[in-house]
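Where a number appears in this text, it was derived from the coordinates with a stated rule and is not lab data. Quick caveat: nothing in here was measured; it's all calculated off a predicted structure.
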Amino acid sequence: MKMFDRFEKKSISFEKPTGQKTEVYIVSEIPIDGGSFGKIFKTVIRVGNLEEMFIVKKYRSNGSIWGEEGAQNSAQNAFKNYYLAKKAGLKVFPTFRIGEDKKSILMTAGFSDDSICIGSNTNKGIAHFERPRIKEIENLGKFLTAIFTEGIKAANNNISLYDDIFFFIISKTEPTKIDFVLGDLDLLEKLEPINDIRLENIKVIKSTLTEFCNNNIDPSFSDDFFSKVESCYEQNKNDIINSYKK
């Protein structure tokens, strides 16, 4: 088994759903996280004379009961789900391509010199990046409105959300600004248009934000943060329930 499951060759192509392929040169790969489906690498690629950092998710085949075919199926499923979410107008990363090995995904990196990116499916909170817990969020009201609206939009397109789907992009400057993206698409699901899933989606968002609070918000701010989360959740819940009465 190759060290850290790095690519066997330095040049590899990644493909859009249109079939357009771009060959890139792998400059460096640093493993940064992992989960049930695979491993995450911070990867610098070169196209022509331009170098840029991306995230590559490599789906698990070694040590997996599903083997090579399972890894390829998982990558293809995430690839399909990305374009399902994008077609619905949901907030996803601008780049999401499948590798020629059919078991790796190249996606936009959510972190930069000015911000860090925290997944809702990991225990690596803000402290992992040697940052203090958050004591204030400048755009909290706008952020909460946007993320709960995203859950409603997904439900209106019969898309069911789950706890692992969100990534949070957090500024390094203070007071903190926060944004989100639907980044982990392994378990995204489109349901038949039979049941209204708006209530379920906003419950998932409330649960995700509660976990985010526990892992990243300073105790001095946590009560205020969660109070605003609860208020936004209740408002959305009441709006949904009232819509049934019309």
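Numbers for the structure displayed
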{"read-out": "10 Å binning of all Cα-Cα separations within segment 115-243, expressed as whole percents from 0 upward", "value": "12, 45, 31, 10, 1"}
{"read-out": "Using alpha-carbon coordinates, inclination of helix 219-243 to the longest axis of the chain, degrees", "value": "80 degrees"}
{"read-out": "Value of Rg/Rh across the chain [Cα atoms, Kirkwood radius]", "value": "0.99"}
{"read-out": "Sequence-distant residues sharing a close amide H with residue 38 (under 5 Å, placed H)", "value": "60"}
{"read-out": "Interatomic Cα distance distribution for segment 154-228, bins of 10 angstrom, percent", "value": "17, 44, 27, 11, 1"}
{"read-out": "Estimated vicinal HN-Hα couplings, Hz - segment 20-34 in sequence order (Karplus 6.51, -1.76, 1.60; Gly, Pro = x)", "value": "5, 10, 10, 8, 10, 10, 7, 7, 7, 9, 10, x, 10, 6, x"}
{"read-out": "Too-long pairs where the Cα-Cα distance tops 20 Å, listed order kept, from 58/91; 91/124; 10/102; 10/42", "value": "58/91; 91/124"}
{"read-out": "Rotationally averaged projected area of segment 93-161 (alpha carbon convex hull; nm²)", "value": "7.2 nm²"}
{"read-out": "Value of D in µm² per second that Stokes-Einstein yields for segment 3-108, Kirkwood Rh from Cα pairs, at 4 °C (1.567 mPa s)", "value": "92 µm²/s"}
